[in-house]
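Chemist: Mind having a look at this structure? Questions to follow.
The values are calculated or read from the model by the stated rules, or taken from the named source; none is laboratory data. Just so we're clear, the structure is a prediction, and the values are computed from it rather than from any experiment. Here the Cβ is made from the backbone with ideal geometry for all residues, glycine too, and neighbour counts use every protein chain on show. Keep in mind that these areas ignore ligands, DNA and RNA; they rest on the heavy atoms of the full protein, side chains included. Shrake-Rupley method; radii C 1.70, N 1.55, O 1.52, S 1.80 Å.
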Amino acid sequence: MKQIWQSDRVHEIKRVNARFLGIGAAIPDKVVTNLDLESMVDTSDEWIRSRTGITERRVVSDDSSTSDLGTEACLAAISSAGIDPEEIDLIIACTSSPDMIFPSTACMIQGKLGIPSCAAFDVMAVCTGFIYALSVADAMIRTDRYRKVLVVGADAFSKLIDWTDRNTCILFGDGAGAAVLEPSDDGGGILNSYLKADGSGWDQLYVPAGGTAMPASADTVQNKMHSVRMRGAEVFKFAVRAIPEACTEVLRGTGHSLDDVDFIIPHQANQRIITSAAKKLRFPIEKMPSNLDRFGNTSTASIPILLDEMWRSGALQSGQLLITVGFGSGLTWGANLIRWNGPKFVGGDIN
Ligand code: COA
């Protein structure tokens, strides 16, 4: 038996980890400020800024979807990688707000990119999506079957929000971020990942209707059951536990400690969550960057948008040790440990 298996092998598994070859982001033009929200719901700029750190967020136009944003981010990542789209052999998309229940948003993006034939699928871990997708991409590259993997986090939460619900409409924004990954040639890149889920907490953050548990009906539309429901205080407490756990666990067994880490790049949900997690970890808050004042919580896109901004500003330097860490509905949480050996920045601004 053993001999047959060995002779059947078509690929020698080399276990070479993944590195970033390119990175890009897409942000919609339309800005919704806290002052705009004051005229829509019973809230105030002061309340939103002091409770969340958010000042404004971006939203897509009515005729634009998650895959439009994702495609734009992918084009930017492919361009910074300096490759042709046809070289991509796998697209992994993560989103909390897919264009449709099916097909996958990855396939929609593949079609829009005009890549004739590659594999494409979605990873669903809501706001932890990019952490999960990086881990899956790294694992696929380690099989030696995929050499250029496009990972994209894209979300248009503005289309899932009840804009009369002040508990949720103040938090979210739209955006997309993408990365091209390839086998690393120097041992740097994604060194480790830690992924977790606790399905018993599914009802802390969810969209009730539109799936098989509660198919769309006149009632579900009338009762706004296609919009996000959230138990904010519980999610807050979970997040403040999840970030330190994931950062600690992703370092375990790697020979690195928090002292070696140059940046923790956290999911951008609430500045108070980031600050509390930094305190719990005793990690300098200056090394936990944030841009949520301008973009709000862009769900799966928040980490790659921030990575893209850091890369374009020159903050990311070769050899730095990074942790990307996320949490979200599911409940899900996790982290990636990355030795940055990404592309050299050659100029250009985020749009
Ligand atoms: N404007 C003004 N007041 C608001 C408000 C708003 N937008 N939203 C809620 N309030 C009110 C509440 O009704 C409550 O009033 P009450 O005391 O009279 O009952 C008061 O403000 C405090 O509400 P509370 O929910 O305790 O506020 P909070 O400090 O927990 O902040 C969140 C609320 C949602 C900002 C916070 O819980 C949070 O960020 N949670 C995490 C959410 C998250 O990150 N989700 C995505 C995860 S990926």
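Chemist: Give the residue that is least open to solvent (accessible area, probe 1.4 Å), with candidates limited to residues of the range 30-45 that are more than 9 Å from the ligand (Cβ to nearest atom) and under 30 Å from ALA93 (Cβ atoms).
Modeler: That would be VAL32.
Chemist: Restricting attention to the range 275-296, report how many residues are touching a residue at least 60 places away in the same chain (Cβ under 8 Å), open to solvent by less than 10 Å² (accessible area, probe 1.4 Å) and closer than 15 Å to VAL325 by Cβ.
Modeler: Adding up the residues that qualify gives 1.
Chemist: How many residues are under 13 Å from PRO244 (Cα atoms) and within 16 Å of the ligand (Cβ to nearest atom) if we restrict to the range 281-300?
Modeler: Adding up the residues that qualify gives 1.
Chemist: Condition first: within 16 Å of the ligand (Cβ to nearest atom) and in a strand (DSSP E or B). Now tell me which residues in the range 173-194 satisfy that.
Modeler: Residues satisfying the conditions are ASP174, GLY175, GLY177.
Chemist: Condition test on ALA233, is it more than 19 Å from ALA125 (Cβ to Cβ), modelled with pLDDT of 95 or more and within 12 Å of the ligand (Cβ to nearest atom)?
Modeler: Taking the combined requirement at face value, the residue satisfies it.
Chemist: Turning to a different aspect of this structure: Which ones in the range 228-264 are of a type in the set (Ser, Thr, Tyr) and crowded, with 19+ Cβ neighbours inside 10 Å?
Modeler: none
Chemist: So, one more: Let me confirm something: among SER117, SER104, SER65, SER96, which residue is at negative phi and at pLDDT below 95?
Modeler: SER117
Chemist: If ASP8 satisfies every condition in (1) at negative phi; (2) modelled with pLDDT of 95 or more; (3) out of contact with any Cys (no Cβ under 8 Å at 6 or more places or on another chain) but one, which is the exception?
Modeler: (2)
Chemist: Can you confirm whether ASP262 is within 16 Å of the ligand (Cβ to nearest atom), charged (D, E, K, R) and touching a residue at least 40 places away in the same chain (Cβ under 8 Å)? Even if it seems obvious, please write down each step before you answer.
Modeler: Details: within 16 Å of the ligand (Cβ to nearest atom): no; charged (D, E, K, R): yes; touching a residue at least 40 places away in the same chain (Cβ under 8 Å): yes.
So ASP262 fails the test.
Chemist: Moving on to the next point. Which one is farthest from VAL180 (Cα to Cα) among residues in the range 89-128 that are touching an Asp or Glu at 6+ places or on another chain (Cβ under 6 Å), of a type in the set (S, T, N, Q) and away from the ligand (no atom under 14 Å from the Cβ)?
Modeler: SER104
Chemist: Right, here's the next one. Within the range 144-172, track down each residue that is away from the ligand (no atom under 16 Å from the Cβ) and either touching a helix residue (DSSP H, G or I) at 6+ places or on another chain (Cβ under 9 Å) or outside any loop (DSSP other than H, G, I, E, B) (or both).
Modeler: Within the range 144-172, TYR146, ARG147, LYS148, VAL149, LEU150, VAL151, VAL152, LYS159 meet the criteria.
Chemist: If you don't mind, another one. From the list ILE131, ILE141, pick out the single residue that is part of a helix (DSSP H, G or I), over 22 Å from LEU331 (Cβ atoms) and either within 16 Å of the ligand (Cβ to nearest atom) or of a type in the set (Val, Ile, Thr) (or both).
Modeler: After ruling out the rest, the residue left standing is ILE141.
Chemist: Something else now. Can you find, within the range 46-66, the residue that is least open to solvent (accessible area, probe 1.4 Å) among those that are in contact with a Ser or Thr (Cβ under 9 Å, 6 or more places away or on another chain) and near the ligand (Cβ under 10 Å from one of its atoms)?
Modeler: If we take residues in the range 46-66 being in contact with a Ser or Thr (Cβ under 9 Å, 6 or more places away or on another chain) and near the ligand (Cβ under 10 Å from one of its atoms), then ILE48 is least open to solvent (accessible area, probe 1.4 Å).
Yes/no per residue for (1) among the polar types (S, T, N, Q); (2) under 22 Å from CYS74 (Cβ atoms); (3) in a helix (DSSP H, G or I):
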| position | (1), (2), (3) |
| --- | --- |
| PHE283 | no, no, no |
| ALA301 | no, yes, yes |
| PRO304 | no, yes, yes |
| GLU309 | no, yes, yes |
| ALA315 | no, no, no |
| THR324 | yes, yes, no |
| GLY334 | no, no, no |
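Chemist: Mind counting the residues in the range 204-223 that are out of contact with any helix residue (DSSP H, G or I) (no Cβ under 8 Å at 6 or more places or on another chain) and surrounded by 14 or more Cβ atoms within 10 Å (Cβ to Cβ)?
Modeler: Number of matching residues: 3.
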